[in-house]
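Student: Just dropping this structure here.
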Amino acid sequence: MNLNRLILFTKYPTPGFVKTRLIPLLGANASAGLHKTLTEITVNKILAAESICDFVPEVQFTGADHHQTLNWLGPRFVYKKQVDGSLGHRMNFAFKMAFDLGFSKVVAIGCDTPYISPEILSQAFQQLNDNDVIIGPASDGGYYLLGIKCFCQDIFENIDWGSSIVLSQTFERIAKRSLKVSLLTVLSDIDRPDDFRAFRKRFDFREHFSI
């Protein structure tokens, strides 16, 4: 059995329900188009990573049913609907479920960091050989990747999700448990107007956006 699980958290790209902080700049439809594009970029990175690292990929989805999400992202994934609740509760549930299934290394990512690479995903699993926790720090004070090899519920509890102190609060939880942690490369999320403007300079999105 492959003992590595890679979990992608995403939402179905319904206008008005995704990338809401970008709607004042882009509008609801273009924001949904951006979210769709970012998710598909991330999916392609995951599929490419399978050639250099062994893992079972899973999509934790919300905003649609299983059939719609499968038609969107394809048959290469295990699909699980996210539970209700805060991001911390949803992540906690997904990690616990993976460990309950017998996986010994579990890595989770979102779909907001198009700069992630197959090599970074492979490094995350490799570095869990010698560490309890692996984190990919985001430049906004959060993180784009978190991996663990033992279930640590408190890592996800009482975190101010969406704020600039997510990473520091997570480090506090890790320190209390005396867990060994390693960091990956710092990358940028695409959440706010300035993030999008910087991202647009590197990619051609004329087919999705008119601005």
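The values are calculated or read from the model by the stated rules, or taken from the named source; none is laboratory data. As the structure is a prediction and not an experimental result, all values here were calculated from the model. Ideal geometry is used to build each Cβ from the backbone, glycine not excepted, and the neighbour counts take in all protein chains shown.
Student: Which ones in the range 80-98 are buried (at least 17 other Cβ atoms within 10 Å of the Cβ) and in contact (Cβ under 8 Å) with a residue 24 or more places away in the chain?
Tutor: The answer is Gln82, Gly88, Arg90, Met91, Asn92, Ala94, Phe95, Ala98.
Student: Quick one: which of Ile134, Ile159, Ile155, Ile174 is part of a loop (DSSP other than H, G, I, E, B) and under 20 Å from Gly88 (Cβ atoms)?
Tutor: Ile159
Student: Among the listed residues Pro75, Pro57, which satisfies the condition of being part of a loop (DSSP other than H, G, I, E, B) and more than 23 Å from Phe199 (Cβ to Cβ)?
Tutor: When all the criteria are applied, what remains is Pro75.
Student: Which condition breaks for Pro24 when tested against (1) in a helix (DSSP H, G or I); (2) within 18 Å of the chain's Cα centre (by Cα)?
Tutor: Result: Pro24 passes all but (2).
Student: Do you know which of the residues in the range 109-147 that are farther than 15 Å from Ile7 by Cα and among the charged types (D, E, K, R) is farthest from the chain's Cα centre (by Cα)?
Tutor: So, considering only residues that are farther than 15 Å from Ile7 by Cα and among the charged types (D, E, K, R), the one farthest from the chain's Cα centre (by Cα) is Asp130.
Student: Okay, moving on. Here is a list: Leu101, Leu121. Which entry is surrounded by fewer than 18 Cβ atoms within 10 Å (Cβ to Cβ), hydrophobic (A, V, I, L, M, F, W, C) and either more than 21 Å from Glu40 (Cα to Cα) or modelled with pLDDT of 95 or more (or both)?
Tutor: Leu101 is the lone residue from the list that is surrounded by fewer than 18 Cβ atoms within 10 Å (Cβ to Cβ), hydrophobic (A, V, I, L, M, F, W, C) and either more than 21 Å from Glu40 (Cα to Cα) or modelled with pLDDT of 95 or more (or both).
Student: I've got another one for you. So which of Ala64, Ala28, Ala94 ends up being at pLDDT 95 or above and in contact with a strand residue (DSSP E or B) (Cβ under 6 Å, 6 or more places away or on another chain)?
Tutor: Result of the check over Ala64, Ala28, Ala94: Ala94.
Student: Quick test of your reading of the structure: Ser122 fulfils all but one of (1) of a type outside the set (Val, Ile, Thr); (2) touching a residue at least 60 places away in the same chain (Cβ under 8 Å); (3) under 22 Å from Arg192 (Cβ atoms). Name the failing condition by number.
Tutor: Among (1) of a type outside the set (Val, Ile, Thr); (2) touching a residue at least 60 places away in the same chain (Cβ under 8 Å); (3) under 22 Å from Arg192 (Cβ atoms), the lone unmet condition for Ser122 is (3).
Student: Here's something else I'd like to know. Kindly indicate whether Ile174 is surrounded by fewer than 20 Cβ atoms within 10 Å (Cβ to Cβ) and among the aliphatic types (A, V, I, L, M).
Tutor: yes
Student: Just one of Asp154, Asp194, Asp204, Asp130 is more than 20 Å from Lys19 (Cα to Cα), surrounded by fewer than 18 Cβ atoms within 10 Å (Cβ to Cβ), out of contact with any strand residue (DSSP E or B) (no Cβ under 7 Å at 6 or more places or on another chain) and modelled with pLDDT under 90; which is it?
Tutor: After applying the criteria, what remains is Asp154.
Student: Those residues that are closer than 12 Å to Ile7 by Cα and either touching a residue at least 24 places away in the same chain (Cβ under 8 Å) or crowded, with 17+ Cβ neighbours inside 10 Å (or both), I need them from the range 46-79; list them, please.
Tutor: Ile46, Phe55, Val56, Pro57, Glu58, Val59, Gln60, Phe61, Phe77, listed by residue number.
Student: I'd like to check something: does the range 19-41 contain any residue that is over 28 Å from Arg192 (Cα atoms), out of contact with any Gly (no Cβ under 7 Å at 6 or more places or on another chain) and surrounded by fewer than 19 Cβ atoms within 10 Å (Cβ to Cβ)?
Tutor: Within the range 19-41 (the criterion being over 28 Å from Arg192 (Cα atoms), out of contact with any Gly (no Cβ under 7 Å at 6 or more places or on another chain) and surrounded by fewer than 19 Cβ atoms within 10 Å (Cβ to Cβ)), the answer is no, since none of the residues qualifies.
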